[in-house]
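What follows is a single structure, written as structure tokens, with notes after it.
Just so you know, all these numbers are worked out from the coordinates, no wet-lab data involved. Keep in mind that what you see is a predicted model, and the values were worked out from it rather than measured. With ideal geometry, Cβ positions are generated from the backbone for all residues, glycine too; neighbour counts draw on all protein chains shown.
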Amino acid sequence: MPESAYQDIRKLHLFSNMADEHFQSLMRGAYVQNFPPQIELITEGEPSDFLHVVLSGSIDLFSQWNGRDTSMATVRPVSTFILAATINNAPYLMSARTLEKSRIVLVPSQDVRAIFDIDGNFARSIVTELAQCYRAVVKTQKDLKLRTSLERLANYLLRQQRRAGGGTVFDLEFEKRRLASVLGMTPENLSRAFKGLQPYGVTVSGTRITIGDQADLEKFAKPSPLIDDFST
């Protein structure tokens, strides 16, 4: 594996505090692969053979049941997925596919568990990351169960606006069909929700969003850090 990849991985909180010899041992069994867009990396129900680290590109975590599928989350660099299955030596609960050309490090799960048993700092970092993932799941559930589809879309647009730098004009991070899936809607419901936000100053052209009345949209959306701030 190239030295630059070692450095990027070492900077992650998950690996930053572990002993050097344990990090080197973990990386000896790891390797880097480049994947084109729309390649399925893992399939739900299969054994968790590897911990994946995204160095570039983006990954769609999704699930399927009874002829239906839904997007669960997007993974961007530099970050890992799916840690819980790796630590528990359990089947994947989600599938993963590349959204664009992506560079991925694959770390054997058995090596991760072996270092977990002997490196206290690494174990604490894993517990912290899993706790953060759990809190993110709780916030997503609150968003889905406490808000209407119109309120979910309004708050998503405010979050995306912040990620894009805070300007009144910005682009959606992915196409509308996938956005509908992430927000727990059908594409038709998403289209109606966009129209429903027009009185609050939201206009849409393709994937470009314009917020004409920031205060009115925020007054309607009522964003909450206990739902919308995934850093807490």
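Which one of Leu183, Leu51, Gln198 has its Cα pushed farthest toward the positive end of the charge dipole of the chain, where Lys and Arg give +1 and Asp and Glu give -1 at the Cβ?
About the Cα centre, the residue reaching furthest to the positive side is Gln198.
Which chymotrypsin sites (Phe, Trp or Tyr not before Pro) does the range 1-50 hold that lie in a coil by DSSP with at most 11 other beta carbons within 10 Å?
none
If I stretch the segment between Ser231 and Gln198 completely, what's the gain in nm (0.36 nm per residue apart, minus their alpha carbon distance), one decimal?
8.9 nm
When the helix-only estimate is applied to the chain (DSSP H runs of n ≥ 4, each -39,500 (n - 2.57), divided by the residue count), what is the mean residue ellipticity at 222 nm, nearest 500 deg cm²/dmol?
Here the helix-only value at 222 nm equals -13500 deg cm²/dmol.
Rg and Dmax of the range 3-144, using alpha carbons, in Å: what are they?
14.9, 47
Can you work out ³J(HN,Hα) from phi for every residue in the range 101-109, in order, using Karplus 6.51 cos²θ - 1.76 cosθ + 1.60 and θ = phi - 60°, giving whole Hz and x for Gly and Pro?
Here the 3J(HN,Hα) series is 4, 9, 10, 10, 9, 10, 10, x, 4 Hz.
Give the long-range amide H neighbours of Ser58: residues separated by 5 or more places, or on another chain, with amide H under 5 Å away, using H modelled in the peptide plane at 1.01 Å from N.
Those qualifying (amide H under 5 Å, at least 5 residues apart or on another chain) are Leu99, Glu100.
Report, in listed order, any pair from Lys11/Lys142; Lys142/Lys176; Lys11/Lys139; Lys11/Lys145 with a Cα-Cα distance greater than 24 Å.
Violating the 24 Å limit, Cα to Cα: Lys11/Lys142; Lys11/Lys139; Lys11/Lys145.
Within the range 143-163, name every residue whose backbone N is under 17 Å away from a label modeled 7 Å from Cα of Asn189 along the Cβ vector.
143-157
Want the number for Thr210 to Val127: 0.36 nm per residue separation, take away the alpha-carbon distance, what's left?
Stretched out fully, the Thr210 to Val127 stretch lengthens by 25.9 nm.
Zone of Ile118 (label point 7 Å along Cα→Cβ, backbone N under 14 Å): which residues in the range 16-51?
From the range 16-51, the list is 19-29.
In terms of modelled amide H atoms, which long-range or inter-chain residues lie less than 5 Å from the amide H of Tyr31?
Residues meeting the amide H criterion: Leu106.
State to the nearest 20 debye the size of the charge dipole of the chain about its Cα centre, where the only charges are +1 on K and R beta carbons and -1 on D and E beta carbons. Don't jump to the answer; show the numbers that get you there.
On the way: 27 positive and 26 negative charges, 165 e Å.
Charge dipole of the chain: 800 debye, to the nearest 20.
According to a simple spin-label model (label point 7 Å from Cα along Cα-to-Cβ), what is the distance in nm between Leu146 and Glu40?
3.6
Can you give me the Kirkwood hydrodynamic radius for the range 126-212, using every pair of distinct Cα atoms, in Å to one decimal?
Computed over Cα pairs of the range 126-212, the Kirkwood hydrodynamic radius comes out at 13.8 Å.
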